[in-house]
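The values are calculated or read from the model by the stated rules, or taken from the named source; none is laboratory data. This is a predicted model, so every value here is computed, not measured. In this analysis, Cβ positions are derived from the backbone assuming ideal geometry, glycine residues included, and neighbour counts consider all displayed protein chains. Just the protein is used for accessible areas: all its heavy atoms, side chains included, with ligands, DNA and RNA removed. Shrake-Rupley method; radii C 1.70, N 1.55, O 1.52, S 1.80 Å.
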Amino acid sequence: MIHEIVPVGPLQCNCSVIGDETTREAIVIDPGDDIDAVVAALAKHNLTVKQIVITHAHIDHVGGAMKLKKLTGAPVLLNENDTALLKMLDLQAAWVGMKSPGPVTIDSSLPNGHVISVGALKGNVMHTPGHTEGSVSLYFPAEQKLIAGDTLFAGSIGRTDLPGGDFDTIMRSLHREVLALPDETLVVPGHGELTTIGDERATNPYLQK
């Protein structure tokens, strides 16, 4: 697996460029901004984007999706439960002081259990609501790697005080879905440093019983 993390935008969203080493086919996860940097990472590894995956419809994760789609022709995938949030991008832009990206259209939904394939790589879509209603995480079992969006962070969890957020729901997602993964699983959060399931199970204050 080729995996390059490109922090993008004023909120430094962790955009993941993931590619198959043999076919050079790739997916881009959460291209929130700074698409020139994302394209540079693709060019560096000679990758062709086949799918654009959005973990949830907050502007810092989805803001550059249409620009990347225009450049690559790749479809944009987002869980349908975030459709209402996607229609609020102008309002979201005002909240964080960013320029609105304009309308974002989704080509396909990301239901729970869906498998994203690129070359020989396979990622399992886990619907992990709570930060937003349509939040998903993407788990690559062969590589024991989880792209967690804003559901889990090193030492913290996603905020639940924005539209579509719910604390009880995110806790269910974490305990039923995320913490069911092996301790060795590398976690790539939506922002900040990488961690592991084992470290978060042992030390994250939100996950202690």
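Tell me which residues come under 5 Å, amide H to amide H, from residue 152 once H is placed; ignore anything under 5 positions away on its chain.
Counting only residues 5 or more places away or on other chains, the set is 158, 190.
So, for segment 1-137, what is the accessible surface per residue at a probe of 1.4 Å, expressed in square angstrom?
I get 42 Å² per residue for segment 1-137.
Straight-line reach from residue 69: which lysines have Cα under 21 Å away, leaving out those fewer than 8 places along the same chain?
Output for residue 69: 44, 50, 87, 99.
Taking 35 Å as R0, compute the FRET efficiency from the Cβ-Cβ separation of residue 143 and residue 91 and round it to 0.05.
So the FRET efficiency works out to roughly 0.40.
For segment 147-209, what is the accessible area per residue in Å², given a 1.4 Å probe and the full set of protein chains?
For segment 147-209, the solvent-accessible area averages 48 Å² per residue.
Can you give the helix-only mean residue ellipticity at 222 nm for the chain, where every DSSP H stretch with n ≥ 4 adds -39500 (n - 2.57) and the sum goes over all residues, rounded to the nearest 500 deg cm²/dmol?
-6000 deg cm²/dmol
Need one number: nm distance between label points at residue 183 and residue 162, each 7 Å from Cα along Cα→Cβ, rounded to one decimal.
Rounded to a tenth, the inter-label distance reads 3.3 nm.
At a 10 angstrom cut-off on C-beta neighbours, averaged per residue, how do the peptides 67-76, 140-149 rank from highest to lowest?
So the order, starting with the most tightly packed, is 140-149, 67-76.
Take the solvent-accessible surface of the protein heavy atoms, probe 1.4 Å, and return the percent of it on the chain that carbon and sulfur atoms account for.
Taking all protein chains in place, the chain shows 51 percent carbon and sulfur surface.
Sort out for me the Cα centre separation of segment 102-146 from segment 14-61, rounded to whole Å.
14
Under 11 Å from the Cβ of residue 185, count the other residues' Cβ atoms, weight Lys and Arg +1, Asp and Glu -1, and hand me the total.
Net local charge, residue 185 excluded: -3.
Among bridges DSSP assigns within the chain, what percent are antiparallel (round to 5)?
70
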